[in-house]
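Values quoted throughout were computed directly from the atomic coordinates according to the rules given, and no laboratory measurement underlies them. Just so it is clear, the model here is predicted, and its values are computed rather than measured. So basically every Cβ, Gly included, is an ideal-geometry build from the backbone, and we count neighbours across all protein chains shown.
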Amino acid sequence: MARVLKVLEVPSPALRAKAQPVAAVDDDIRRMLDDMLATMYAHNGVGLSGNQVGVLKRVAVIDASGDGEPPRPYKLVNPRITGVSAETIGHNEGCLSVPKEYACVDRHVSVTAAYTDENGAERTLAADGLLAIALQHELDHLDGKLFIDYLTPFKRGRLLRHLEKRRKKEAEESA
Ligand code: NI
């Protein structure tokens, strides 16, 4: 049975660390991927990286299927982007580690990725739409990068102050 893990939030140092490659896909990695998927679904997320649950390994899960569509989970080990479209698109992004804050970030419209699946097989993935955006967002996590890093210092500061304010308010309300 998969467990729902604790999701780390800014300013957790794990979110700023570079995750290390996975040497071999074993039962521990498979269990971790299942736990990460359960955690992502429990929080209605589109993606989740190892860094976000304090595991500094290059693992991520994504399900970019729309509401009412059948689930389409991806379990990614050592994912890397091998090609990108020149065309970019602005998308209003959020992140479970930067809760309830959203900002527009420019991403490549389509990307090609290579990864190892949960059975140790090498795979490639040609993605566009939300899946392409999620891939770029999750791969950034594995390098210690957050979507707020793309914002101007002014916008990033405003967003983080807003997050801090809401945390204080929620702490007061629950006290
Ligand atoms: Ni995120």
Open item on the list: I'd like to check something: does region 136-143 contain any residue that is more than 22 Å from His91 (Cβ to Cβ) and of a type in the set (Asp, Glu)?
Closed with: no
- [ ] Kindly indicate which of Ser85, Ser65 is more than 11 Å from the ligand (Cβ to nearest atom), free of Cβ contacts under 8 Å to residues at least 12 places away in the same chain and of a type outside the set (Val, Ile, Thr).
- [x] Ser65
- [ ] Return a yes/no flag: does region 68-81 have any residue that is closer than 19 Å to Leu8 by Cα, under 16 Å from the mean Cα position of the chain (by Cα) and either among the small types (Gly, Ala, Ser) or not in a loop (DSSP other than H, G, I, E, B) (or both).
- [x] no
Task: Subset of region 1-47 (residues that are acidic (Asp, Glu), crowded, with 19+ Cβ neighbours inside 10 Å and part of a loop (DSSP other than H, G, I, E, B)) - done: none
Task: All positions within region 131-154 that are surrounded by fewer than 16 Cβ atoms within 10 Å (Cβ to Cβ) and either touching a residue at least 60 places away in the same chain (Cβ under 8 Å) or in contact with a helix residue (DSSP H, G or I) (Cβ under 8 Å, 6 or more places away or on another chain) (or both) - done: Asp143, Asp149
Open item on the list: Can you find a residue that is part of a loop (DSSP other than H, G, I, E, B) and in contact (Cβ under 8 Å) with a residue 60 or more places away in the chain anywhere in region 91-105?
Closed with: yes
